[in-house]
Amino acid sequence: MIQSKKLAILVGGGPAPGINSVIGAATIYSILEGVEVIGIKDGFKWIMKGDISQVVPLTIEAVSRIHFRGGCYVGISRDNPTKDPKHLENSVTSLLRLNVDKLMTIGGDDTAYSAMKLKEIAEGRIKVVHVPKTIDNDIELPQGICTFGYQTARHLGVDIV
């Protein structure tokens, strides 16, 4: 029996407003399209070490109200698998062991770079999409478009100052 493939969602970098909204929306849409979704806990931290036990199934019921919560539903870390080729290979192998053929990363420039390198190493076995997230707004996007989280951080920063 052929096991169906999955979408994995992973968050890297630092916290930013809106992460849970992205996780929820991506999960709900994917499930409605017939795709099983899992969350990779704590960014690349575990999978780059070959540990595939740190995952959580994402369901519509589980994510339908997470946009009201702070933080990151699946956890977040600054671990970067591109600093060691073995970590990058472990990340790909871990995802394949989890039967993942689609990966959504959410994060800043380090996470975007890691996603790009992971896609290269996967050689077509895993489709990768990156959602830019940074309160610094330092990822180059089309003119006038801010990364999510930036406007909230800017408004709160202005109020504080």
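Let me know the shape class of segment 53-143, please: from the alpha-carbon gyration tensor, a ≥ b ≥ c as square roots of the eigenvalues, rounded when a/c is under 1.5, otherwise prolate if a/b is greater than b/c, or oblate. Don't skip to the end; give the middle numbers.
On the way: a/c = 1.76, a/b = 1.13, b/c = 1.55.
Oblate, since a/c reaches 1.5 and b/c is not below a/b.
The amide H of Glu36, built 1.01 Å from its N in the peptide plane, has Leu7 as neighbours under 5 Å, considering only residues 5 or more places off or on other chains. Computed from backbone phi, the HN-Hα couplings of segment 98-113 come to 7, 6, 8, 10, 9, 10, 10, 9, 10, x, x, 5, 5, 5, 4, 5 Hz, rounded to whole numbers (Karplus: 6.51 cos²θ - 1.76 cosθ + 1.60, θ = phi - 60°; Gly and Pro given as x).
Across segment 10-25, rounded Karplus estimates of 3J(HN,Hα) from the backbone phi angles (6.51 cos²θ - 1.76 cosθ + 1.60, θ = phi - 60°) give 9, 10, x, x, x, x, 7, x, x, 4, 5, 5, 5, 4, x, 5 Hz, Gly and Pro being marked x.
Averaged per residue, what accessible area in Å² does the chain show with a 1.4 Å probe, protein chains only? Don't skip to the answer; put the middle values down first.
Details: 8940 Å² over 161 residues.
Value for the chain: 56 Å² per residue.
For segment 52-94, the residues whose backbone nitrogen is under 11 Å from a point 7 Å from the Cα of Ser21, taken along Cα to Cβ, are 67-68. Computed from phi, the 3J(HN,Hα) profile of segment 73-84 under the Karplus parametrisation 6.51, -1.76, 1.60 (θ = phi - 60°) reads 4, 9, x, 8, 8, 9, 4, 10, x, 7, 6, 9 Hz, with x in place of Gly and Pro. When only alpha carbons are used to place a centre, segment 123-161 and segment 45-61 end up 24 Å from one another. Pairs of Cα atoms nearer than 8 Å and 6+ residues apart set the relative contact order; for the chain it is 28 percent.
What's the carbon and sulfur percent of the chain's accessible surface, probe 1.4 angstrom, rounded to a whole number? Before the final figure, lay out the partial values.
Numbers: 4900 of 8940 Å².
The computed percentage sits at 55.
Labels on offer are [x] 24.0, 76; [y] 15.6, 60; [z] 15.8, 54, and the one holding Rg and Dmax of the Cα atoms in Å computed from this structure is [y].
Per-residue ellipticity at 222 nm from helix content only, as computed over the chain with -39500 (n - 2.57) for each DSSP H run of at least four residues, stands at -10500 deg cm²/dmol.
Roughly what % of DSSP beta bridges within the chain run antiparallel, to the nearest 5? If you can, show how the numbers build up before the last one.
Numbers: 4 of 23 bridges.
That works out to approximately 15 percent antiparallel.
For the peptides 58-64, 72-78, the ranking by packing is 72-78, 58-64, with the highest mean count of neighbouring Cβ atoms within 10 Å listed first. Stretching Met116 away from Gln151 to a fully extended chain increases their span by 10.0 nm, per 0.36 nm per residue minus the current alpha-carbon distance. At full extension, His67 and Val129 could sit 20.2 nm farther apart than now, given 0.36 nm per residue minus the alpha carbon distance. Rolling a 1.4 Å probe over the protein heavy atoms leaves Arg69 with an accessible area of roughly 130 Å². Residues whose amide H lies under 5 Å from that of Asn80, counting only those 5 or more places away or on a different chain, are absent; hydrogens are built 1.01 Å from N in the peptide plane.
For Cα pairs less than 8 Å apart in space and 6+ apart in sequence, what is the mean separation divided by the residue count of segment 1-69, i.e. the relative contact order in percent?
Value for segment 1-69: 40 percent.
The values are calculated or read from the model by the stated rules, or taken from the named source; none is laboratory data. Remember, it's a predicted structure, so these values are computed and weren't measured experimentally. Cβ sites come from the backbone with ideal geometry, for glycine too, and all protein chains shown count toward neighbours. Ligands, DNA and RNA are stripped out before the accessible areas are found, and what is left, the full protein with its side chains, is counted by its heavy atoms. Shrake-Rupley method; radii C 1.70, N 1.55, O 1.52, S 1.80 Å.
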